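Structure first, then comments.
The values are calculated or read from the model by the stated rules, or taken from the named source; none is laboratory data. Just so it is clear, the structure is predicted and the values come from calculations on it, not from any experiment. Cβ coordinates were reconstructed from backbone atoms using ideal geometry, including for glycine residues, and neighbour counts include every protein chain displayed. Accessible surface is based on the protein model in full, side chains and every heavy atom, while ligands, DNA and RNA are left aside. Shrake-Rupley method; radii C 1.70, N 1.55, O 1.52, S 1.80 Å.
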Amino acid sequence: MASRKDSIFQTKDPDFHDNLPRRHRAAKGWQIVLQASTVIGIIVLAALLLNIIDGAFGYVATQNSIEPEQLAMGVQEELMLTAPNTVSSEDDVELAEGIASSPNAIGYFGYAYYLDRADELRPLTVDGVAPTADAVDSGEYGLARPLFLYSTAEIMQEKPEVAAYLNFYLDRVNQEIEDVGYFSLGDEALNAAMLTWMNAMGIETAEAETVSWPVINPQSVSGEVKTAGSSTVYPLSTRMAELFQVAGYSGELEIESIGSTAGFRRFCIEADTDIASASRAINRAEVDLCKKAKREPVEFRVGTDALAIVVSQENDFLTEVTTEQLRQIFTTAETWSDVDPSWPDEPIERFIPGADSGTLDFFAESVFDQELADLPKETLVAILQANVSTGLFRRFESEIPFADRSQENVYGLVVERVVEPEIVQTWPLFESVFSRSDVLAEAAAEHPDAEVSFVSWLNPKFIVNPQSANPERAGVRTAILGSLWTILITILFAFPLGVGAAIYLEEYAVDNQLNHLIQTNINNLAGVPSIIYGMLGLAVFVRLLEALTSGKLFGLVDPTTANGRTILSAGLTLGLLILPLIIINAQEAIKSVPNSLRQAGMGLGATKWQTILHHVLPNAMPGVLTGTILAVSRAIGETAPLVVVGASTFITVDPTSPFSKFTTLPIQIYQWTSRPQDEFRNIAAAAILVLLILLLTLNATAVLLRNRFSKRRMG
Amino acid sequence: MTDMSNRPQNGRYAIEARDLSVYYSDFRAVKTVDLKIEPRKITAIIGPSGCGKSTMLRSFNRMNELVPTAWAEGEVLFQGHNIYGEDVDPVQVRRHIGMVFQKPNPFPKSIYENVAWGARINGYKSNMDELVEKSLRRAALWDEVKDKLDQSGYSLSGGQQQRLCIARTIAVRPEIILMDEPASALDPVATLKIEELMRQLAENYTIIVVTHNMQQAARVSDHTAFFMMDDDRAGYLVEHGPTKELFTNPKDQRTEDYITGRFG
């Protein structure tokens, strides 16, 4: 088109002043407005849904008030400490002397202390492995734990004194470590540590074998090296530091013994140390924490600590034990022959570290590698008794005697009441996904002992659990059942009544003042706020018709209710609420059935009712059902009228009849959202998802039914 | 309520309006009509728009009463009974005096069900398949639909739908069939078919047909009644007689004016 301004056809009529482009522009404008409103609607809906989903999934930090492993370990330690003929002491020298003095004695402590008295004591092989440097280094000896230093490439490159200290450490550690009392690394492990050092320093190591270890002269550097961490590594580090200074280092060197975990915190969070020492490997959360502080830790294994199981040199029957035998020897066995019949029938004399010792913990953890869940019922009962109040313990006993409870049941109680996993912090989905490291770092910083896991608040347990005051145990079963019961009553009440009224008004009602008034009233009732219906329901169903709605009339009183605040009252109230909607929608549907159908029916000699039943209603039904689906969906989501009618705020019993007291999903959601704790908002989001799914399921069923209906009509 | 079905026909007319006036509320749509309908003949009702033709037709089986405000004065005698009599049920009247409408209005059901439904609700207990086939044959539709009886009545063409409506009407075995402009919504070919069908049906049924189309009236009808609207907008019967006579030699000037196209 050459020019869009005027028509290409000439017009001679001066009365027409058309501007076609303008008309098109206006049309286009309106089209854009309409599209925009659709898009806005979709965006708002999507935002709503995303908001809900955001709350329903995400990371949680769960903190046990006591770790289950620790409980299990505690049990074993208690068993060891209370075994007969047991001497326990924090002083390892005392233990060593005790063991040396009797052929029937046995005990364990750090390898260093064995070395001190190698002439009086003899270490045993454990599961056929002797505590030699090789076995410890390769990990075959089960009672060994590695020792580490951690730093970062940046620190090493920026502070040559740190690089030099580590260089010196790795260079000399194998010469000194056995003297300190630990085990040296094998060549391979030491080489790996040295390669790590070179990599961190940016030295090309593609052909590592040909690259020689660049020894740095301590005299060439100065400055400040700060290390903190494991008390186990501490003596080794102290020795290395002394030697470093002897070799000519003139700067400052600070070594603190604060424990491995605290060492990592200093290194990663406060970031004020150059090196962290540890008697265990760094864990994932700590790595994330470090990364957040822009520190990427590199690991140097420097040695190994091992426990020696020792007997006296005088002992003539024992050279090797198995882990299984160790468990018996240090707990239940009374004589050596109890463990192995070929051993003498002499009482076992045990010498073990005291309750405050980390060595005892390590021994219990390594030897009695037992999960809390696997402990025998009696042990679990003992744990429970030791950790809960007497009153609570008695209550458990009176509910179901412990003798009748299963091991799983008691384990459940122990977890619930003693381990007490408690959610200390939650994160929404998008934060969990898009700033995962921030979340993990935050969790590690604020709740170092907590376990961080990704959870779906919407899970099978949430569906089947009843309401609970504890958000982790709370579920929506009661609410789902309440909603289903209520909606069933609502439909049974409102559908026949509403459709019936619509048929009467459309097909039978004469055109008079009274019927006009009724019609106007119905239209107005559809706009009355739902809480008004709640008040009506309270006055009529709960109070006036109490005998009916509480079930007294039928002798079916629910013992927990005994008043009119029942499912029946709720269902009837919601029924009243949606009755006008159903009537109006059904009227419209009936109106839209063409009159020709009525005439055809009547013309054949059918009565009015036959015509309505066989032709008008079936043809109106899809429309009637659409209206009903909309109305029922609204009823499912109603909260306010049910609050007035008296939905229970906290019930854990399932509704069993129309005369049960009740709660519904929206009530539950309303309640949870008004709680101050974060976790309740998460389960409220999950409950909203449940409600949405329930709604979608009910609607899909109804739509399916409706479609089959209209298909059959046309068939 | 008396059962009329077994009574012998009384008098020589199929149906007879005596001094019949039809009202909607207080508006008189048709006034003081006396009209005798010959049995087994086709009577056409013609006249200008709004002259009460349809109202007149519907008053023969009380279909006008579907409009809540409609009422009638006078008598319509059928088998010797006034169908407006107090003891007469309009439902029964319609079973004996069937109706075919202007626009084809089959039920949204299968072709078979369209035909069978009317018979079933009126208590037909014999072989339904036979009745459906016979009715469809009489409506000259059988050959076209015999292989798709379970398909929707809506799947047929307009003309076929109208014949289906006729089949549906004759399935309840009425004595009189009222047709309200039965071909006005159809194309010429379908119209011709309907007209042929009407001629065939006239061998067994009394047919009263309202039509706008004077050629159609001249072609198919045996008798013609000419209606006009008075100054008070009430329709009245101007002239009634054998079609040939009325079209060739009308007694009334107004009839002549109308059929020669001077007004209307």
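Of the strands (runs of 3 or more DSSP E) that lie entirely inside the stretch B:7-76, those containing 2 or more residues that are open to solvent by 30 Å² or more (accessible area, probe 1.4 Å) span B:15-24, B:27-37.
Rundown of residues vs (1) at pLDDT 85 or above; (2) part of a strand (DSSP E or B), yes/no style:
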position: A:Val311; (1), (2): yes, yes
position: A:Glu314; (1), (2): yes, no
position: A:Leu326; (1), (2): yes, no
position: A:Thr331; (1), (2): no, no
position: A:Pro341; (1), (2): yes, no
position: A:Thr359; (1), (2): no, no
position: A:Phe362; (1), (2): no, no
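Of all residues assigned to the stretch A:374-392, at least one qualifies as being assigned to a loop (DSSP other than H, G, I, E, B) and free of Cβ contacts under 8 Å to residues at least 24 places away in the same chain. Kindly check whether there is at least one residue in the stretch A:203-223 that is in contact with a Lys or Arg (Cβ under 8 Å, 6 or more places away or on another chain) and within 16 Å of A:Leu166 (Cβ to Cβ). Yes; the residues of the stretch A:203-223 include at least one that is in contact with a Lys or Arg (Cβ under 8 Å, 6 or more places away or on another chain) and within 16 Å of A:Leu166 (Cβ to Cβ). Within the stretch B:87-99, restricting attention to residues that are touching a helix residue (DSSP H, G or I) at 6+ places or on another chain (Cβ under 8 Å) and either more than 8 Å from chain A (Cβ to nearest Cβ) or of a type in the set (D, E, K, R) (or both), the residue that is surrounded by the fewest Cβ atoms within 10 Å (Cβ to Cβ) is B:Pro90.
This table checks each residue for (1) β-branched (Val, Ile, Thr); (2) touching an Asp or Glu at 6+ places or on another chain (Cβ under 8 Å); (3) touching a residue at least 24 places away in the same chain (Cβ under 8 Å).
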{"position": "A:Arg634", "(1), (2), (3)": "no, no, yes"}
{"position": "A:Gly637", "(1), (2), (3)": "no, no, yes"}
{"position": "A:Pro666", "(1), (2), (3)": "no, yes, yes"}
{"position": "A:Gln671", "(1), (2), (3)": "no, no, no"}
{"position": "A:Ile683", "(1), (2), (3)": "yes, no, yes"}
{"position": "A:Ala687", "(1), (2), (3)": "no, no, yes"}
{"position": "A:Thr701", "(1), (2), (3)": "yes, no, no"}
{"position": "A:Phe709", "(1), (2), (3)": "no, no, yes"}
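Considering the stretch A:609-628 alone, what residues qualify as being open to solvent by 10 Å² or more (accessible area, probe 1.4 Å), within 14 Å of chain B (Cβ to nearest Cβ) and in contact (Cβ under 8 Å) with a residue 24 or more places away in the chain? Scanning the stretch A:609-628 gives A:Leu617, A:Pro618, A:Asn619, A:Met621, A:Pro622, A:Gly623. Of all residues in the stretch B:184-207, none that is at positive phi has its Cβ atom under 6 Å from the Cβ atom of a residue that is assigned to a strand (DSSP E or B) and surrounded by 13 or more Cβ atoms within 10 Å (Cβ to Cβ), 6 or more apart or on another chain.
If only residues of the stretch A:414-430 that are part of a helix (DSSP H, G or I) and touching a helix residue (DSSP H, G or I) at 6+ places or on another chain (Cβ under 6 Å) are counted, the one that is farthest from A:Ile383 (Cα to Cα) is A:Phe430.
The selection criterion, being under 15 Å from B:Pro174 (Cα atoms) and not in a helix (DSSP H, G or I), does not hold for B:Phe107. If you filter the stretch A:76-107 down to residues that are hydroxyl-bearing (Ser, Thr, Tyr) and within 21 Å of A:Asp316 (Cβ to Cβ), you find that the one that is surrounded by the fewest Cβ atoms within 10 Å (Cβ to Cβ) is A:Ser101. When you check A:Gly527 against the structure, is it more than 44 Å from the chain's Cα centre (by Cα), open to solvent by 30 Å² or more (accessible area, probe 1.4 Å) and not acidic (Asp, Glu), yes or no? No. Could you pull out the residue among A:Ala600, A:Ala589, A:Ala631, A:Ala606 that is within 13 Å of another protein chain (Cβ to nearest Cβ) and either part of a helix (DSSP H, G or I) or hydroxyl-bearing (Ser, Thr, Tyr) (or both)? Result of the check over A:Ala600, A:Ala589, A:Ala631, A:Ala606: A:Ala600.
With respect to A:Gly58, is the statement that it is touching a strand residue (DSSP E or B) at 6+ places or on another chain (Cβ under 8 Å), part of a helix (DSSP H, G or I) and touching a residue at least 40 places away in the same chain (Cβ under 8 Å) true?
no
Just one residue in the set A:Pro123, A:Pro68 is more than 43 Å from the chain's Cα centre (by Cα), open to solvent by 10 Å² or more (accessible area, probe 1.4 Å) and touching a residue at least 40 places away in the same chain (Cβ under 8 Å); that residue is A:Pro123.
Tell me, yes or no, whether the stretch B:115-136 has at least one residue that is of a type in the set (Val, Ile, Thr) and either within 11 Å of chain A (Cβ to nearest Cβ) or open to solvent by 40 Å² or more (accessible area, probe 1.4 Å) (or both).
Yes, the stretch B:115-136 contains at least one residue that is of a type in the set (Val, Ile, Thr) and either within 11 Å of chain A (Cβ to nearest Cβ) or open to solvent by 40 Å² or more (accessible area, probe 1.4 Å) (or both).
Scanning the stretch A:638-656 for residues that are at pLDDT 85 or above and within 20 Å of A:Arg675 (Cβ to Cβ), we see that the one that is surrounded by the most Cβ atoms within 10 Å (Cβ to Cβ) is A:Leu642. Considering the conditions (1) surrounded by fewer than 17 Cβ atoms within 10 Å (Cβ to Cβ); (2) more than 14 Å from every other protein chain (Cβ to nearest Cβ), B:Tyr84 is excluded by exactly one of them, (1). If you take the residues of the stretch B:240-264 that are open to solvent by 40 Å² or more (accessible area, probe 1.4 Å) and touching a residue at least 60 places away in the same chain (Cβ under 8 Å), which of them is nearest to B:Ser49 (Cα to Cα)? Looking at residues that are open to solvent by 40 Å² or more (accessible area, probe 1.4 Å) and touching a residue at least 60 places away in the same chain (Cβ under 8 Å), I get B:Gly264. Could we say that A:Tyr113 is among the aromatic types (Phe, Trp, Tyr) and open to solvent by 70 Å² or more (accessible area, probe 1.4 Å) here? Here the answer is yes, as A:Tyr113 does meet what is asked. Residues in the stretch B:140-183 that are closer than 20 Å to B:Thr211 by Cβ and away from chain A (no Cβ under 14 Å) were compared, and the one that is surrounded by the fewest Cβ atoms within 10 Å (Cβ to Cβ) is B:Ala140. Hey, could you check the stretch B:102-112 for residues that are touching an Asp or Glu at 6+ places or on another chain (Cβ under 9 Å) and more than 8 Å from chain A (Cβ to nearest Cβ) and say which is least open to solvent (accessible area, probe 1.4 Å)? Per the stated criteria, the residue is B:Ile111.
Looking across the stretch A:223-266, just one residue is in a loop (DSSP other than H, G, I, E, B), among the hydroxyl-bearing types (Ser, Thr, Tyr), surrounded by 15 or more Cβ atoms within 10 Å (Cβ to Cβ) and modelled with pLDDT of 85 or more, and that is A:Tyr249.
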